[in-house]
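All remarks here apply to the structure that follows.
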Amino acid sequence: MKITIVGSGYVGLVTGACFSEVGIDVVCVDVDKKKIDNLNNGIIPIYEPGLEKMITRNMEKNRLSFSTSLADSISDSEVVFISVGTPPDEDGSADLKHVLAVARECGRTMDDYKLIVTKSTVPVGTSIKVKNAVQEELNKRKLDIPFDVASNPEFLKEGAAIDDFMKPDRIVVGTESERAEKLLNKLYKPFTLNGHPIIFMDIVSAEMTKYAANAMLATKISFINDIANLCEVVGADINNVRKGIGSDSRIGTKFIYPGIGYGGSCFPKDVQALIRTASENKYELQVLKAVEAVNTSQKLVLFNKINSHFKGDLRGKTIAVWGLSFKPQTDDMREAPSLQIIKELLAAGATVNAYDPVAAEEAKHHFGDTINYCEEQYEALIGADCLAVLTEWSEFKIPNFKIMKHLLNEAVVFDGRNIYDKEEMHNLGYQYSCIGVKT
Ligand code: UGA
């Protein structure tokens, strides 16, 4: 079986690599010639654990290849996945021009039946637009070639994407024909054999499922952050409260870790998109609006703590920052809370010494030379007046607190991810502040 995946970004590459891993012939297509040239030379444009090895392995076995031409690969591929980007346009709604351009190119180049599957996260109703775009091109060619469209949203977490694809909690597929359902069932068989479910539904529900899932997860985070802030005020400890509520299986232990707000390329964008879809349909998603508002203010909670520790005057202070990416195991800086926090620190006149295991290069696109990039975590502490932990990378979890105390001007730690223990920090002589625990 041969398939084509258009868009060799994060989702396209992971999808392509994983399908080839189970023996399917995959061509990954992208308009970016430099990216394709690099991929053909084994240079992977993103950091994702396990991806580089998987791509190299499958290229060597000739099951995975990269090309700039959809026209060249479409004739042999019965299934075409669209996984191109949908960046927000000026008014914040998803820009579908790349998705629809791929749809039109399918219509221009296909000569027999194709199943065109949307994998990009697209607003509810997009698959119908894809269908119309393909049909228009076929009409121009005066051809009557059968085709189907389907929606197959992805639920990959950055940093764990390979595992999520190989062992999915579920695969969601929206189709409107039996032929399409059979094809996708066959394609996903290697991933469902061990009991991982594949759920078939109508196309609009599949599109909606993607947004509802991310909206629910974002809601859990904003809820726990809101409760954490209240815990601090009333003198409760969110770490205890989290365990106390999480042991109720209806609530669950996952995704209720307080922090400095959710970031990344998905939650912020998808929450906004769903609010927009609702208002376009004259409905107001009140809960989700609150989720977004809480997240916006949560991104400033740690800055406010630092600022009040220094009595509102950060001029001449040096802040060591550990972690820049929006979460561990990725170099992704999109919507990272660090962007907001560092921006505020700099505006208040502080100097920032930052260390991140992988995101420094990405961070340079945002901060340029306005902050100091450190090669190593302890280097960031030299001469700093406090440490702020912004991403919970494993290597920050059990640091050498003695050396840290020696390097810092003052033994002060602001922990935005609750990775240290308050008692222990106090016993070691630190002034310690985290999220949702009274100091
Ligand atoms: C998210 C979803 O988890 C995936 O299922 C989905 O496929 C993906 O978006 C997408 O739409 O493509 P991702 O953005 O990679 O994946 O990141 P998550 O691991 O979900 O984390 C999102 C944010 O929530 C991070 O900023 C993280 O720090 C924060 N978070 C997460 C918390 O603050 N507390 C938690 O308990 C969990």
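Pairing residues of region 252-267 that are part of a loop (DSSP other than H, G, I, E, B) with residues that are within 6 Å of the ligand (Cβ to nearest atom) and of a type in the set (Phe, Trp, Tyr), at Cβ distances under 6 Å and at least 6 apart in sequence or on separate chains, gives Gly263/Phe326; Gly264/Phe326. Across region 230-268, the qualifying residues are those that are within 11 Å of the ligand (Cβ to nearest atom) and among the polar types (S, T, N, Q), and the one among them that is nearest to Asp415 (Cα to Cα) is Thr253. When the test is whether a residue is under 30 Å from Phe255 (Cβ atoms) and out of contact with any Asp or Glu (no Cβ under 7 Å at 6 or more places or on another chain), Glu362 does not pass it. Contact annotation: residue pairs with Cβ atoms under 7 Å, 6 or more positions apart or on different chains, pairing a residue in region 18-34 that is on the phi < 0 side of the Ramachandran plot and crowded, with 18+ Cβ neighbours inside 10 Å with a partner that is hydrophobic (A, V, I, L, M, F, W, C) and assigned to a loop (DSSP other than H, G, I, E, B), are Ile24/Met1; Asp25/Met1.
Would it be correct to say that Asp331 is within 16 Å of the ligand (Cβ to nearest atom), modelled with pLDDT under 95 and more than 20 Å from Gln298 (Cβ to Cβ)?
When the stated conditions are applied, Asp331 passes them.
What is the residue count in region 386-413 for residues that are within 32 Å of the chain's Cα centre (by Cα) and more than 16 Å from the ligand (Cβ to nearest atom)? Reasoning before the result, please.
From region 386-413, those within 32 Å of the chain's Cα centre (by Cα) are 386-401, 404, 412-413; that's our starting set.
Filter once more, keeping what is more than 16 Å from the ligand (Cβ to nearest atom): 386-387, 395, 398-401, 404, 412-413.
Within region 386-413, residues that are within 32 Å of the chain's Cα centre (by Cα) and more than 16 Å from the ligand (Cβ to nearest atom) number 10.
Apart from one condition, Cys374 fits all of (1) over 22 Å from Leu407 (Cα atoms); (2) hydrophobic (A, V, I, L, M, F, W, C); (3) away from the ligand (no atom under 16 Å from the Cβ); (4) out of contact with any Leu (no Cβ under 6 Å at 6 or more places or on another chain); the exception is (1). What residue, among those in region 334-365 that are within 16 Å of the ligand (Cβ to nearest atom) and within 25 Å of Gly312 (Cα to Cα), is nearest to the chain's Cα centre (by Cα)? Checked region 334-365; the qualifying residue nearest to the chain's Cα centre (by Cα) is Ala336. In this structure, does Val271 turn out to be over 29 Å from Pro49 (Cα atoms) and within 14 Å of the ligand (Cβ to nearest atom)? Spelling it out, it is not the case that Val271 is over 29 Å from Pro49 (Cα atoms) and within 14 Å of the ligand (Cβ to nearest atom).
Candidates Glu284, Glu292, Glu280: the one that is at pLDDT below 95, farther than 16 Å from Lys327 by Cβ and of a type in the set (Asp, Glu) is Glu280.
The values are calculated or read from the model by the stated rules, or taken from the named source; none is laboratory data. Just so we're clear, the structure is a prediction, and the values are computed from it rather than from any experiment. With ideal geometry, Cβ positions are generated from the backbone for all residues, glycine too; neighbour counts draw on all protein chains shown.
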